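Scroll down for the structure; my scribbles are underneath it.
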């Protein structure tokens, strides 16, 4: 029986993973700031990654594997970059240090395709060997890049600790809502002139099964996580039955440059890059080296979400 500790277990992905793990075969410790719904024999421990909790909790339970999910994907209202850095970067540093100190065998970390950054010269598709250049203008992308640099250093300094790093695309499932899905609820989909803005999706259940394999009998390594295919704004609009509003990128940049200082938008002109240069992930390594083929393609994931959202 292996002992698996999960941070961020109260989130949608953490809940899906808890449902996938067999508590008969594994001793599971779910941790978060607040206790989530727990199946069967799962143990709960409160854990704040920004304090001393990682060392205390990991030291007390001595897990074989730590699945580190705790992260700020969709910042709450009033969130600050300092807070997000504290959770994403300092929190990962604390968890990683505790894993090394207490002889954890393996750490599984959910990174993001955003770690590659939003750049005009990104390869299409991106492979795991491509450079991580998460833009400093985007806190989430920048923080994931910093986390991966930290993990790369740990692989050199502490090779006994196995690592599985999952660079995850946009996670979708029935009832899941985030900053990305907010775009799809609008009456018209915004498209920047000359940019298709492709999205890659991974089904929540597929990600949970990938995490289960990563935490148990899967290989170590770095893997992009996305369903097959990518959907551009025109195809997404067609599936939603909505019109596309095509606008020059320069006009949107100018509008956001005025709107953000006035408090009319939470986004500044840098947000245009988010639609211009979306990272498209190659999932070949996931299928061939990791040994998991996502059940749903990007299109099928989006259709599942769309139907559940009644769009």
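What follows draws every value from the coordinates through simple rules; no lab data is involved. Predicted model only: the values in this text are computed from it and were never measured. As a convention, Cβ positions derive from the backbone with ideal geometry for all residues, glycine included, and neighbour counts pool all protein chains shown.
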Discussion item. If you take every DSSP beta bridge fully contained in region 166-299, what fraction is antiparallel? Give it as a percent rounded to 5.
Written reply: 10 percent
Item to complete: Calculate the length of the line joining the C-alpha centroid of region 272-311 to that of region 177-201, in whole Å.
Response: 14 Å
Item to complete: Using a Förster distance of 35 angstrom, determine the FRET efficiency expected from the C-beta separation of residue 52 and residue 267, and round it to 0.05.
Response: 0.50
Worksheet item: If the chain between residue 133 and residue 35 were fully stretched, how many nm would it gain, using 0.36 nm times the residue separation less the Cα-Cα distance?
Response: 31.7 nm
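Using the count of nearby Cβ atoms within 10 Å as a rough guide to exposure, how do 116, 140, 267 rank from fewest to most? Don't skip to the answer; put the middle values down first.
Numbers: 116 29, 140 20, 267 13.
Fewest-to-most Cβ neighbours within 10 Å comes out as 267, 140, 116.
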Discussion item. Using all alpha carbons of region 19-107, what is the percent of pairwise distances in each 5 Å bin, ordered from the shortest bin to the longest?
Written reply: 3, 14, 22, 24, 18, 12, 5, 2, 0
Practice prompt. With a/c under 1.5 counting as rounded, go ahead and sort region 198-311 into rounded, prolate or oblate using the C-alpha gyration tensor (a ≥ b ≥ c being the square roots of the eigenvalues; past the cut-off, prolate if a/b is larger than b/c, else oblate).
Written response: prolate
Worksheet item: Helix 249-259 sits at what angle to the longest principal axis of the chain, using alpha carbons and giving 0 to 90 degrees rounded to 10?
Response: 70 degrees
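Quick check on the exposure proxy: order 167, 105 from fewest to most C-beta atoms within 10 angstrom. Walk me through the intermediate numbers first.
On the way: 167 25, 105 14.
Lowest count first: 105, 167.
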Worksheet item: Where the centroid of each part is defined by its Cα atoms, how far is region 125-146 from region 50-101 in Å?
Response: 19 Å
Item to complete: Please grab the % of Cα pairs in region 67-155 that end up more than 21 Å from each other.
Response: 33 percent
Practice prompt. On each of the three principal axes of the Cα atoms of region 106-164, give max minus min coordinate, whole Å, ordered largest first.
Written response: 38, 23, 17
Practice prompt. Kindly rank 41-48, 72-79, 294-301 from highest to lowest mean number of other beta carbons found within 10 Å of each residue.
Written response: 294-301, 41-48, 72-79
Fill in: In degrees, nearest ten, helix 204-215 long axis to first principal axis of the chain (Cα)
30 degrees
Worksheet item: What angle, in degrees between 0 and 90 and rounded to the nearest 10, separates the Cα long axis of helix 139-157 from the longest principal axis of the Cα atoms of the chain?
Response: 40 degrees
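Taking every pair of Cα atoms in the chain, average 1/r, invert it to obtain the Kirkwood radius, and report Rg/Rh to two decimals.
In the chain, Rg relative to Rh is 0.96.
Please rank 191, 1, fewest neighbouring Cβ atoms within 10 Å first, as an exposure proxy. Intermediate values should be presented prior to the final figure.
Details: 191 19, 1 9.
Least to most surrounded, the residues fall as 1, 191.
Divide by every residue of the chain the summed helix terms, -39500 (n - 2.57) for each DSSP H run of at least 4, and state the resulting mean residue ellipticity at 222 nm, rounded to the nearest 500 deg cm²/dmol. Intermediate results must be reported in sequence, preceding the final value.
Working: 11 runs with 106 residues, N = 311.
Calculated mean residue ellipticity at 222 nm is -10000 deg cm²/dmol.
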Worksheet item: Where the centroid of each part is defined by its Cα atoms, how far is region 103-122 from region 1-37 in Å?
Response: 21 Å
